[in-house]
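A quick write-up on the structure given underneath.
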Amino acid sequence: MLEHSENFNPMNVVFTNLAENHLDRYRSMEEYVNAKRRIFKNTNQATTSILNADDNAVVELARDPQVQRGRIFYFSRKPALEPQIMNIGGAVNIGDEIRVRTGPDIETYSIKNMRMRGKHNIENIMAAILAAREHGAKHEAIQNVINAMINIPHRIEYVRKVGGVLFFNDSKATNVHAVLRALDTFDENVILIAGGKDTNLNYEPLRTVIKRKVKTLILVGEAKERINRDLGDFSETFLIGTFEEAVLIAYQKSRIGDIVLLSPSCSSFDMFDSFEERGDYFKEIVAKFK
């Protein structure tokens, strides 16, 4: 665990986001952030930090003198930040392109053929490009990888289409921030399956997007009562006893054009051994639908 790390000295540090998580283990968000800050305890001028300029908590972390000891690259999906970031070094997403500067020249990478869903994956690609260029990877090789990348299982993973309804497995979404990113991928008419082990998270940040995009909220697991208290008034909501029942009811409530999304906002350990097991079980159930 980071809070017990004394000698860890990374060459590169990448922060894509810093959001509330693991509050069953940490007493507060401040304690959680302080644990993350220990990553920089032994950094020096040879350390390169790659940080998301669009995440306020990450930007705040970057003000720490320990972070400032090394080189910093920022990345952003905001075109307005391009002049500033290109001046100091980093990456910016503009339309179907990513502009990158790690040395004297600015390079351009195309994401027009990117097959992964989610704006957060553009952020992940920018961070990966910066890290790869730092370690000598060539432009052509990086572009080939971008073109070949497909969605990783359990991360907004397309499962199948049944009767005009699309099913997505986002079992890896074990906190509120991840669910926000998943819902940002879709426009509306989402039937959201959420719940799992209660880790004392605050679900209120989901209220606005639930009200705007989620037509039906299906809650299951240890945290369902807590989630219902925070979100139940913002969508048609059902509290369900078993995971299989939750998936079945989501399908029953769906109509042509709807999205059924498993994005739990909780860890899996109340009902499953891992998020992978939970996601695989979701896919098994959906595979039986006709």
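At-a-glance table
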{"read-out": "Residues of region 232-247 classified as over 17 Å from Lys197 (Cα atoms), touching a strand residue (DSSP E or B) at 6+ places or on another chain (Cβ under 6 Å) and aromatic (Phe, Trp, Tyr), total", "value": "1"}
{"read-out": "Hey, Val162 buried (at least 21 other Cβ atoms within 10 Å of the Cβ) and either more than 17 Å from the chain's Cα centre (by Cα) or closer than 15 Å to Ala246 by Cβ (or both) or not", "value": "no"}
{"read-out": "Selection status of Leu201, hydrophobic (A, V, I, L, M, F, W, C), modelled with pLDDT under 95 and surrounded by 19 or more Cβ atoms within 10 Å (Cβ to Cβ)", "value": "yes"}
{"read-out": "Residue among Met86, Met29 that alone is within 19 Å of Tyr109 (Cα to Cα) and free of Cβ contacts under 8 Å to residues at least 40 places away in the same chain", "value": "Met86"}
{"read-out": "Set Leu248, Leu231: member being touching a Ser or Thr at 6+ places or on another chain (Cβ under 8 Å), on the phi < 0 side of the Ramachandran plot and not assigned by TED's automatic domain parsing to the domain that holds Ala19", "value": "Leu231"}
{"read-out": "Of all residues in region 157-204 being basic (Lys, Arg) and not in a loop (DSSP other than H, G, I, E, B), the one that is farthest from Asp270 (Cα to Cα)", "value": "Lys161"}
{"read-out": "Selection within region 191-206 - at negative phi and over 18 Å from the mean Cα position of the chain (by Cα)", "value": "Ile191, Lys197, Asp198"}
{"read-out": "Filter result for Ala132 (touching a helix residue (DSSP H, G or I) at 6+ places or on another chain (Cβ under 6 Å), part of a helix (DSSP H, G or I) and free of Cβ contacts under 8 Å to residues at least 60 places away in the same chain)", "value": "yes"}
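Quick grid of which residues meet (1) touching a Phe, Trp or Tyr at 6+ places or on another chain (Cβ under 7 Å); (2) of a type in the set (Lys, Arg):
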{"position": "Val247", "(1), (2)": "yes, no"}
{"position": "Lys253", "(1), (2)": "no, yes"}
{"position": "Val260", "(1), (2)": "yes, no"}
{"position": "Ser263", "(1), (2)": "no, no"}
{"position": "Cys266", "(1), (2)": "no, no"}
{"position": "Phe269", "(1), (2)": "no, no"}
{"position": "Ser274", "(1), (2)": "no, no"}
{"position": "Phe282", "(1), (2)": "no, no"}
{"position": "Lys290", "(1), (2)": "no, yes"}
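The values are calculated or read from the model by the stated rules, or taken from the named source; none is laboratory data. What you are looking at is a predicted structure, and each value in this text was computed from that prediction instead of being measured. Counting neighbours? That spans all protein chains shown, and the Cβs are built from the backbone with ideal geometry, glycine included.
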